[in-house]
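Reviewing the structure listed below.
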Amino acid sequence: MVNYRFLSTNTVKVVGLLCASICAWYMGYLFAEILPEDSIKNAIGSVQQIGVKPVLLAPQPKGQKCASWRTCSASEVVYRIRSGGANSINPDICLEDETLLGGKKKNGARGINIAVVNRATMKVTDTKTFDMYEGDHSGEMVDFLNKIPNGSIILVASFDEAKTKLSKAAEDAFEALGSKEIRKLKFRSGWVFLAIKGGKVPDNIEREKVIHSGSGNQYSGWPSEIQIDGCLPKNE
């Protein structure tokens, strides 16, 4: 025997569920027509972000002067001297984030590259390159060094070859400026040097470095880059 009361109760529930479904679909359709698409996407995105842990971005690193990790005081300037590499990578001389010679200026050349800076103004006063492979340029290099005013900062970087035409008089001139390595240069050695004409570079900063070319060199017989950098006091 069929229980009509049971059927009536379930029928009401089914009809109610269908009505609720139709109403929900209609309301959704109505909102979709009324609300802009961007608003709906933003709302959905906001719901999806609930519970997502925020990502903390690290601050951008502060640019270092002369691409050096040295942190100098207000009474100092950053310097970096890098020799050339092989026969195609220019030397790079930088002071207080200004390229003095080579690097992006692309004005370094084979031989010994020299930049001269006025220590009072910290401005470059002259740059010269002396070829030490062809021709005899040691004499004019000695004259150039002798004419540099006392107190000037002298920054030196080799490129390709710095020894072949280097005369004893030139070695004497660099030695008088404080070089300890000039007489140790060999064919295609890399060399960087910092000096103060008539003064002294502090003992606690890098002043000079040499690298010799050999069978273990990364450029197969050409000199590798070599670098010194540090903080140079502005005043004596």
query: Within the set of pairs 6+ apart or on separate chains, which have a first residue in the range 63-78 that is farther than 11 Å from Cys94 by Cβ, a second that is open to solvent by 70 Å² or more (accessible area, probe 1.4 Å) and part of a loop (DSSP other than H, G, I, E, B), and C-beta atoms under 7 Å apart?
result: Ser75/Lys234; Glu76/Lys234
query: Looking at (1) out of contact with any Gly (no Cβ under 7 Å at 6 or more places or on another chain); (2) small (Gly, Ala, Ser); (3) surrounded by 16 or more Cβ atoms within 10 Å (Cβ to Cβ), which is the only condition Ala169 fails?
result: (3)
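For the range 90-99, does any single residue satisfy the condition of being acidic (Asp, Glu) and touching a residue at least 60 places away in the same chain (Cβ under 8 Å)?
Looking only at the range 90-99, we keep the residues that are acidic (Asp, Glu), and these are 92, 96-98.
After this cut, where a residue has to be touching a residue at least 60 places away in the same chain (Cβ under 8 Å) as well, the list is 92.
Yes.
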- prompt: Which residues, counting only those in the range 80-98, are open to solvent by 10 Å² or more (accessible area, probe 1.4 Å) and either touching a Lys or Arg at 6+ places or on another chain (Cβ under 6 Å) or of a type outside the set (A, V, I, L, M, F, W, C) (or both)?
  reply: Arg80, Arg82, Asn87, Ser88, Asn90, Asp92, Glu96, Asp97, Glu98
- line: When restricted to Val124, Val116, the only residue in contact with a Ser or Thr (Cβ under 9 Å, 6 or more places away or on another chain) and either closer than 27 Å to Ser68 by Cα or in contact (Cβ under 8 Å) with a residue 12 or more places away in the chain (or both) is Val116
- prompt: Given the conditions (1) at pLDDT below 95; (2) at positive phi, which single one is not true for Gly178?
  reply: (1)
task: May I ask you to list the residues in the range 107-147 that are open to solvent by 10 Å² or more (accessible area, probe 1.4 Å), of a type in the set (A, V, I, L, M) and outside any strand (DSSP E or B)?
output: Ala109, Ala120, Met122, Val142
Unmet requirement for Asn204, which otherwise passes all of (1) surrounded by fewer than 20 Cβ atoms within 10 Å (Cβ to Cβ); (2) in contact with a helix residue (DSSP H, G or I) (Cβ under 8 Å, 6 or more places away or on another chain): (2)
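Quick one: is Ile228 open to solvent by less than 40 Å² (accessible area, probe 1.4 Å), at pLDDT 95 or above and closer than 24 Å to Ser68 by Cα?
Working: open to solvent by less than 40 Å² (accessible area, probe 1.4 Å): yes; at pLDDT 95 or above: yes; closer than 24 Å to Ser68 by Cα: yes.
It is true that Ile228 is open to solvent by less than 40 Å² (accessible area, probe 1.4 Å), at pLDDT 95 or above and closer than 24 Å to Ser68 by Cα.
Okay, residues lined up against (1) under 30 Å from the mean Cα position of the chain (by Cα); (2) within 18 Å of Val78 (Cβ to Cβ); (3) small (Gly, Ala, Ser):
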residue	(1), (2), (3)
Leu166	no, no, no
Arg188	yes, no, no
Lys200	yes, no, no
Arg207	yes, yes, no
Pro223	yes, no, no
field: Selection count, the range 207-225, where residues are at negative phi and either among the β-branched types (Val, Ile, Thr) or open to solvent by 50 Å² or more (accessible area, probe 1.4 Å) (or both)
entry: 11
- prompt: Is it the case that the range 153-163 has a residue that's over 31 Å from the mean Cα position of the chain (by Cα) and among the hydroxyl-bearing types (Ser, Thr, Tyr)?
  reply: no
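The values are calculated or read from the model by the stated rules, or taken from the named source; none is laboratory data. On a predicted model such as this, the values are computed, not experimentally measured, just so you know. Note that each Cβ is placed from the backbone with ideal geometry, even for glycine, and that neighbours are counted across all protein chains shown. Quick note on the areas: whole protein, heavy atoms, side chains included, nothing else; ligands and nucleic acids left out. Shrake-Rupley method; radii C 1.70, N 1.55, O 1.52, S 1.80 Å.
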